[in-house]
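Notes follow the structure.
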Amino acid sequence: MSQQFKVAAVQAAPVFLDLQASVTKAIQYIEEAAANGAKLVAFSETWLPGYPNHIWLGPVAWQMQFVGRYFDNSIEAGSEEEARLSAACRDNNIQLSIGVSERDGGSLYIAQWHFDENGEVINRRRKLKPTHVERTVYGEGDGSDLNVVDTSIGRVGQLACWEHMQPLSKYAMYSQNEQIHVAAWPNLALYEGTAYALGHQVNNGASMMYAVEGSCFVVAPCSLVTKENQDNVCQGDPEKEKLCPVGGGYTKIYAPDGSSIGTDIAHDEEGIVYADIDLHMIGYAKAAADPAGHYSKADSTRLLLNKRKQRAVMYFDESNGLEISATSNAENADLEPAAE
(Lines give C-alpha, C1' and ligand atoms only; values in the text may rest on other atoms or scores of the structure.)
Protein backbone atom coordinates (compact mmCIF):
# COMPACT_ATOMS: atom_id res chain seq x y z
CA MET A 1 0.00 0.00 0.00
CA SER A 2 3.05 2.28 0.06
CA GLN A 3 2.89 5.46 -2.04
CA GLN A 4 6.41 6.86 -1.84
CA PHE A 5 8.02 9.73 -3.72
CA LYS A 6 10.37 12.66 -3.16
CA VAL A 7 9.41 16.30 -2.60
CA ALA A 8 11.65 19.37 -2.64
CA ALA A 9 11.54 22.74 -0.88
CA VAL A 10 13.72 25.55 -2.24
CA GLN A 11 15.57 27.78 0.21
CA ALA A 12 16.95 30.64 -1.85
CA ALA A 13 16.68 34.36 -2.47
CA PRO A 14 15.39 35.62 -5.81
CA VAL A 15 17.08 38.38 -7.74
CA PHE A 16 15.12 41.08 -5.90
CA LEU A 17 13.00 43.32 -8.15
CA ASP A 18 14.16 41.52 -11.31
CA LEU A 19 11.35 39.25 -12.50
CA GLN A 20 13.14 37.89 -15.56
CA ALA A 21 16.32 36.99 -13.69
CA SER A 22 14.32 35.47 -10.84
CA VAL A 23 12.32 33.27 -13.23
CA THR A 24 15.61 32.10 -14.72
CA LYS A 25 16.90 31.26 -11.23
CA ALA A 26 13.64 29.47 -10.37
CA ILE A 27 13.93 27.31 -13.48
CA GLN A 28 17.44 26.29 -12.45
CA TYR A 29 16.07 25.04 -9.12
CA ILE A 30 13.16 23.30 -10.85
CA GLU A 31 15.61 21.46 -13.09
CA GLU A 32 17.83 20.56 -10.13
CA ALA A 33 14.93 19.21 -8.08
CA ALA A 34 13.69 17.12 -11.01
CA ALA A 35 17.18 15.78 -11.70
CA ASN A 36 17.26 14.59 -8.08
CA GLY A 37 13.99 12.70 -8.49
CA ALA A 38 11.51 15.09 -6.88
CA LYS A 39 7.88 14.99 -8.01
CA LEU A 40 7.01 18.36 -6.44
CA VAL A 41 9.17 21.45 -5.89
CA ALA A 42 7.96 24.35 -3.73
CA PHE A 43 9.12 27.96 -3.39
CA SER A 44 8.51 30.45 -0.58
CA GLU A 45 6.06 33.34 -0.18
CA THR A 46 6.25 35.98 -2.96
CA TRP A 47 9.46 34.41 -4.28
CA LEU A 48 8.70 36.31 -7.46
CA PRO A 49 9.94 39.03 -7.39
CA GLY A 50 10.93 38.73 -3.69
CA TYR A 51 9.35 39.44 -0.34
CA PRO A 52 9.07 43.22 0.29
CA ASN A 53 11.16 43.43 3.47
CA HIS A 54 11.35 47.19 2.96
CA ILE A 55 7.78 47.64 4.24
CA TRP A 56 8.99 46.63 7.73
CA LEU A 57 12.08 48.86 7.76
CA GLY A 58 11.11 52.48 7.36
CA PRO A 59 8.44 55.17 6.96
CA VAL A 60 6.10 55.19 3.98
CA ALA A 61 7.91 58.10 2.32
CA TRP A 62 11.16 56.08 2.33
CA GLN A 63 9.41 52.93 1.09
CA MET A 64 8.01 54.71 -1.98
CA GLN A 65 11.31 54.26 -3.83
CA PHE A 66 10.48 50.54 -4.14
CA VAL A 67 6.81 50.79 -5.09
CA GLY A 68 7.09 51.28 -8.84
CA ARG A 69 9.79 48.64 -9.35
CA TYR A 70 7.94 46.13 -7.19
CA PHE A 71 4.73 46.65 -9.15
CA ASP A 72 6.48 46.43 -12.52
CA ASN A 73 8.26 43.20 -11.56
CA SER A 74 5.23 41.42 -10.13
CA ILE A 75 3.96 38.62 -12.35
CA GLU A 76 0.69 38.49 -14.27
CA ALA A 77 -1.40 35.41 -14.99
CA GLY A 78 -1.05 34.30 -18.61
CA SER A 79 2.23 36.17 -19.04
CA GLU A 80 5.41 35.15 -20.84
CA GLU A 81 7.03 34.54 -17.45
CA GLU A 82 4.27 32.11 -16.50
CA ALA A 83 4.80 30.32 -19.84
CA ARG A 84 8.49 29.87 -18.99
CA LEU A 85 7.63 28.28 -15.64
CA SER A 86 5.03 26.09 -17.33
CA ALA A 87 7.56 24.85 -19.87
CA ALA A 88 10.06 24.05 -17.11
CA CYS A 89 7.49 21.86 -15.35
CA ARG A 90 6.52 20.10 -18.56
CA ASP A 91 10.11 19.58 -19.72
CA ASN A 92 11.16 18.18 -16.34
CA ASN A 93 7.98 16.23 -15.48
CA ILE A 94 7.61 17.92 -12.10
CA GLN A 95 4.90 19.79 -10.21
CA LEU A 96 5.62 23.31 -8.97
CA SER A 97 4.18 25.44 -6.16
CA ILE A 98 5.57 28.96 -6.29
CA GLY A 99 4.79 32.03 -4.22
CA VAL A 100 4.36 35.19 -6.27
CA SER A 101 3.36 38.81 -6.05
CA GLU A 102 0.50 38.59 -8.54
CA ARG A 103 -0.37 41.74 -10.49
CA ASP A 104 -4.01 42.01 -11.51
CA GLY A 105 -4.96 45.34 -13.01
CA GLY A 106 -3.69 47.98 -10.63
CA SER A 107 -3.52 45.72 -7.58
CA LEU A 108 -1.08 43.20 -6.15
CA TYR A 109 -1.88 40.00 -4.26
CA ILE A 110 0.20 37.51 -2.28
CA ALA A 111 -0.46 34.43 -4.39
CA GLN A 112 0.55 30.81 -4.79
CA TRP A 113 0.41 29.12 -8.18
CA HIS A 114 0.41 25.34 -8.58
CA PHE A 115 1.56 23.88 -11.89
CA ASP A 116 1.14 20.17 -12.61
CA GLU A 117 3.78 18.08 -14.37
CA ASN A 118 2.21 18.95 -17.73
CA GLY A 119 2.75 22.66 -17.11
CA GLU A 120 -0.94 23.42 -16.49
CA VAL A 121 -1.86 25.83 -13.68
CA ILE A 122 -4.26 23.75 -11.57
CA ASN A 123 -4.57 26.13 -8.64
CA ARG A 124 -4.11 29.88 -8.47
CA ARG A 125 -4.89 31.18 -5.00
CA ARG A 126 -4.42 34.37 -2.97
CA LYS A 127 -3.62 34.98 0.69
CA LEU A 128 -6.89 35.75 2.42
CA LYS A 129 -5.57 38.44 4.75
CA PRO A 130 -2.12 40.01 4.26
CA THR A 131 -0.37 40.34 7.60
CA HIS A 132 0.12 43.70 9.33
CA VAL A 133 2.00 46.14 7.04
CA GLU A 134 1.63 43.74 4.09
CA ARG A 135 -1.83 45.28 3.80
CA THR A 136 -0.20 48.49 2.53
CA VAL A 137 0.96 46.55 -0.55
CA TYR A 138 -1.48 43.71 -1.22
CA GLY A 139 -5.20 43.10 -1.60
CA GLU A 140 -7.15 40.26 0.01
CA GLY A 141 -8.27 36.86 -1.20
CA ASP A 142 -11.54 35.14 -0.29
CA GLY A 143 -13.03 31.73 0.44
CA SER A 144 -12.53 30.60 -3.15
CA ASP A 145 -8.79 30.60 -2.38
CA LEU A 146 -9.10 27.82 0.21
CA ASN A 147 -8.56 25.00 -2.28
CA VAL A 148 -7.19 21.47 -2.20
CA VAL A 149 -6.70 19.97 -5.66
CA ASP A 150 -6.39 16.41 -6.92
CA THR A 151 -3.06 15.68 -8.62
CA SER A 152 -1.16 12.64 -9.80
CA ILE A 153 0.78 12.59 -6.50
CA GLY A 154 -2.16 13.21 -4.17
CA ARG A 155 -4.39 15.99 -2.87
CA VAL A 156 -2.34 19.19 -2.55
CA GLY A 157 -3.20 22.47 -0.82
CA GLN A 158 -1.36 25.73 -0.15
CA LEU A 159 -1.35 28.52 2.43
CA ALA A 160 1.07 31.40 2.99
CA CYS A 161 2.83 32.52 6.16
CA TRP A 162 0.46 33.57 8.95
CA GLU A 163 -2.54 31.99 7.30
CA HIS A 164 -1.20 29.15 9.43
CA MET A 165 -2.27 31.20 12.46
CA GLN A 166 -5.92 31.32 11.30
CA PRO A 167 -7.70 28.30 12.82
CA LEU A 168 -10.79 28.48 10.61
CA SER A 169 -8.78 28.78 7.38
CA LYS A 170 -6.75 25.75 8.41
CA TYR A 171 -9.89 23.79 9.26
CA ALA A 172 -11.34 24.59 5.83
CA MET A 173 -8.25 22.98 4.30
CA TYR A 174 -8.28 19.96 6.62
CA SER A 175 -11.90 19.29 5.66
CA GLN A 176 -10.87 18.77 2.03
CA ASN A 177 -8.78 15.68 2.82
CA GLU A 178 -5.46 17.41 2.17
CA GLN A 179 -2.52 15.01 1.85
CA ILE A 180 0.35 17.36 0.95
CA HIS A 181 0.36 20.95 2.15
CA VAL A 182 2.70 23.68 0.91
CA ALA A 183 3.33 26.24 3.67
CA ALA A 184 5.12 29.18 2.05
CA TRP A 185 7.12 31.47 4.35
CA PRO A 186 9.29 34.57 3.80
CA ASN A 187 12.65 34.81 5.58
CA LEU A 188 12.33 34.22 9.33
CA ALA A 189 15.01 36.55 10.71
CA LEU A 190 13.19 39.87 10.34
CA TYR A 191 13.28 41.74 13.67
CA GLU A 192 15.39 38.88 15.05
CA GLY A 193 15.83 39.21 18.80
CA THR A 194 13.04 41.77 19.17
CA ALA A 195 9.91 40.00 17.83
CA TYR A 196 9.89 36.35 18.86
CA ALA A 197 6.59 35.68 17.07
CA LEU A 198 8.22 36.46 13.70
CA GLY A 199 11.07 33.99 14.26
CA HIS A 200 11.65 30.45 13.10
CA GLN A 201 10.73 28.83 16.41
CA VAL A 202 7.12 30.00 16.25
CA ASN A 203 6.64 29.77 12.50
CA ASN A 204 8.25 26.37 12.06
CA GLY A 205 6.10 25.34 15.01
CA ALA A 206 3.04 26.45 13.06
CA SER A 207 4.06 24.26 10.10
CA MET A 208 4.72 21.32 12.39
CA MET A 209 1.35 21.67 14.12
CA TYR A 210 -0.39 21.96 10.76
CA ALA A 211 1.04 18.55 9.84
CA VAL A 212 -0.21 17.03 13.10
CA GLU A 213 -3.63 18.72 13.09
CA GLY A 214 -4.26 18.04 9.40
CA SER A 215 -2.72 14.56 9.39
CA CYS A 216 -0.78 15.51 6.28
CA PHE A 217 2.71 16.15 4.99
CA VAL A 218 3.83 19.79 5.10
CA VAL A 219 6.43 21.16 2.70
CA ALA A 220 7.52 24.49 4.18
CA PRO A 221 9.90 26.43 1.92
CA CYS A 222 11.43 29.54 3.44
CA SER A 223 13.33 32.32 1.73
CA LEU A 224 16.45 33.98 3.09
CA VAL A 225 18.22 37.33 2.90
CA THR A 226 21.56 37.31 1.10
CA LYS A 227 24.11 40.09 1.57
CA GLU A 228 23.20 41.37 -1.89
CA ASN A 229 19.51 41.50 -0.98
CA GLN A 230 20.33 43.19 2.30
CA ASP A 231 22.42 45.83 0.53
CA ASN A 232 19.63 46.49 -1.98
CA VAL A 233 17.02 47.04 0.71
CA CYS A 234 18.97 48.44 3.68
CA GLN A 235 21.27 50.67 1.59
CA GLY A 236 24.09 50.52 4.12
CA ASP A 237 21.96 51.70 7.05
CA PRO A 238 23.23 49.72 10.10
CA GLU A 239 19.92 50.10 11.96
CA LYS A 240 18.00 48.60 9.05
CA GLU A 241 20.59 45.82 8.73
CA LYS A 242 19.95 44.88 12.38
CA LEU A 243 16.24 44.55 11.60
CA CYS A 244 16.85 42.61 8.36
CA PRO A 245 19.94 40.43 8.93
CA VAL A 246 21.52 38.04 6.45
CA GLY A 247 20.05 34.54 6.64
CA GLY A 248 16.63 33.65 8.03
CA GLY A 249 16.07 30.55 5.91
CA TYR A 250 14.58 27.78 8.02
CA THR A 251 13.08 25.46 5.43
CA LYS A 252 11.47 22.28 6.77
CA ILE A 253 9.42 19.27 5.66
CA TYR A 254 7.16 17.56 8.20
CA ALA A 255 5.45 14.18 8.38
CA PRO A 256 1.85 13.70 9.64
CA ASP A 257 3.18 12.86 13.11
CA GLY A 258 5.00 16.21 13.28
CA SER A 259 8.49 14.84 12.82
CA SER A 260 10.97 16.78 10.66
CA ILE A 261 11.93 14.49 7.77
CA GLY A 262 13.82 16.77 5.40
CA THR A 263 17.53 17.04 4.76
CA ASP A 264 19.39 19.70 6.74
CA ILE A 265 20.56 23.03 5.37
CA ALA A 266 21.98 26.06 7.20
CA HIS A 267 19.71 29.09 7.61
CA ASP A 268 22.06 31.29 5.56
CA GLU A 269 22.68 28.73 2.81
CA GLU A 270 20.92 28.55 -0.54
CA GLY A 271 19.86 25.12 -1.72
CA ILE A 272 17.08 22.54 -1.70
CA VAL A 273 15.66 20.51 1.18
CA TYR A 274 14.47 17.04 0.12
CA ALA A 275 12.35 14.39 1.79
CA ASP A 276 10.92 11.03 0.77
CA ILE A 277 7.27 10.85 1.78
CA ASP A 278 4.85 7.96 1.96
CA LEU A 279 1.15 8.88 1.75
CA HIS A 280 0.31 5.58 3.48
CA MET A 281 1.44 7.20 6.76
CA ILE A 282 -1.61 9.48 6.64
CA GLY A 283 -3.94 6.60 7.41
CA TYR A 284 -2.15 5.95 10.71
CA ALA A 285 -2.38 9.64 11.69
CA LYS A 286 -6.06 9.95 10.81
CA ALA A 287 -6.89 6.76 12.68
CA ALA A 288 -5.97 8.66 15.83
CA ALA A 289 -7.41 12.08 15.02
CA ASP A 290 -9.21 13.02 11.79
CA PRO A 291 -10.10 16.68 12.57
CA ALA A 292 -12.96 17.06 10.09
CA GLY A 293 -14.08 13.43 10.34
CA HIS A 294 -14.44 11.10 13.32
CA TYR A 295 -12.54 13.48 15.63
CA SER A 296 -14.88 16.42 14.95
CA LYS A 297 -17.82 17.51 17.12
CA ALA A 298 -20.41 18.80 14.67
CA ASP A 299 -23.04 19.03 17.39
CA SER A 300 -20.88 21.60 19.18
CA THR A 301 -18.82 23.50 16.59
CA ARG A 302 -19.02 23.79 12.82
CA LEU A 303 -17.35 25.93 10.17
CA LEU A 304 -19.30 28.11 7.74
CA LEU A 305 -17.23 28.35 4.53
CA ASN A 306 -18.16 30.73 1.72
CA LYS A 307 -16.32 29.50 -1.40
CA ARG A 308 -18.00 31.99 -3.73
CA LYS A 309 -15.53 34.36 -5.39
CA GLN A 310 -16.05 37.97 -4.29
CA ARG A 311 -15.85 40.73 -6.89
CA ALA A 312 -15.88 44.50 -6.63
CA VAL A 313 -18.37 44.86 -9.50
CA MET A 314 -21.31 42.61 -10.38
CA TYR A 315 -23.89 43.12 -13.11
CA PHE A 316 -27.46 41.94 -12.66
CA ASP A 317 -29.10 40.42 -15.73
CA GLU A 318 -32.85 40.86 -15.31
CA SER A 319 -33.64 38.47 -18.16
CA ASN A 320 -32.52 35.36 -16.28
CA GLY A 321 -32.06 36.54 -12.72
CA LEU A 322 -28.35 35.77 -12.61
CA GLU A 323 -25.55 37.90 -11.27
CA ILE A 324 -23.00 38.38 -14.05
CA SER A 325 -19.42 39.43 -13.37
CA ALA A 326 -18.06 42.60 -14.92
CA THR A 327 -14.90 40.72 -15.91
CA SER A 328 -15.88 37.23 -17.00
CA ASN A 329 -19.31 35.79 -17.68
CA ALA A 330 -17.82 32.32 -18.01
CA GLU A 331 -16.71 32.37 -14.40
CA ASN A 332 -20.32 32.77 -13.34
CA ALA A 333 -21.76 29.79 -15.20
CA ASP A 334 -22.38 27.98 -11.92
CA LEU A 335 -24.05 30.87 -10.08
CA GLU A 336 -27.49 30.24 -8.66
CA PRO A 337 -30.42 32.50 -9.66
CA ALA A 338 -30.62 35.58 -7.47
CA ALA A 339 -33.28 35.54 -4.76
CA GLU A 340 -36.37 37.54 -5.59
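The values are calculated or read from the model by the stated rules, or taken from the named source; none is laboratory data. Here the structure is a predicted model, which means the values were calculated and not measured. Every residue, glycine as well, gets a Cβ built from its backbone with ideal geometry; the counts of neighbours run over all protein chains shown.
Restricting attention to segment 35-55 and to residues that are under 20 Å from the mean Cα position of the chain (by Cα) and of a type in the set (A, V, I, L, M, F, W, C), the residue that is nearest to C244 (Cα to Cα) turns out to be I55. Checked against (1) acidic (D, E); (2) surrounded by 15 or more Cβ atoms within 10 Å (Cβ to Cβ); (3) farther than 18 Å from S175 by Cβ; (4) touching a residue at least 60 places away in the same chain (Cβ under 8 Å), E269 meets all criteria but (2).
Within segment 4-15, residues that are assigned by TED's automatic domain parsing to the domain that holds Y274 have Cβ atoms under 8 Å from residues that are basic (K, R) and crowded, with 24+ Cβ neighbours inside 10 Å in these pairs: A9/K252, counting only partners at least 6 apart in sequence or on another chain.
For the criterion of being of a type outside the set (K, R), more than 15 Å from V182 (Cα to Cα) and not assigned by TED's automatic domain parsing to the domain that holds S44, H200 fails.
Within the set W47, W56, W62, the sole residue that is among the aromatic types (F, W, Y) and within 30 Å of Q179 (Cα to Cα) turns out to be W47. Based on what the data block shows, is I265 under 22 Å from the mean Cα position of the chain (by Cα) and assigned to a strand (DSSP E or B)? So I265 fails the test. Got at least one residue in segment 236-254 being assigned by TED's automatic domain parsing to the domain that holds G37, in contact with a strand residue (DSSP E or B) (Cβ under 8 Å, 6 or more places away or on another chain) and over 23 Å from G193 (Cα atoms)? Checking segment 236-254: at least one residue is assigned by TED's automatic domain parsing to the domain that holds G37, in contact with a strand residue (DSSP E or B) (Cβ under 8 Å, 6 or more places away or on another chain) and over 23 Å from G193 (Cα atoms).
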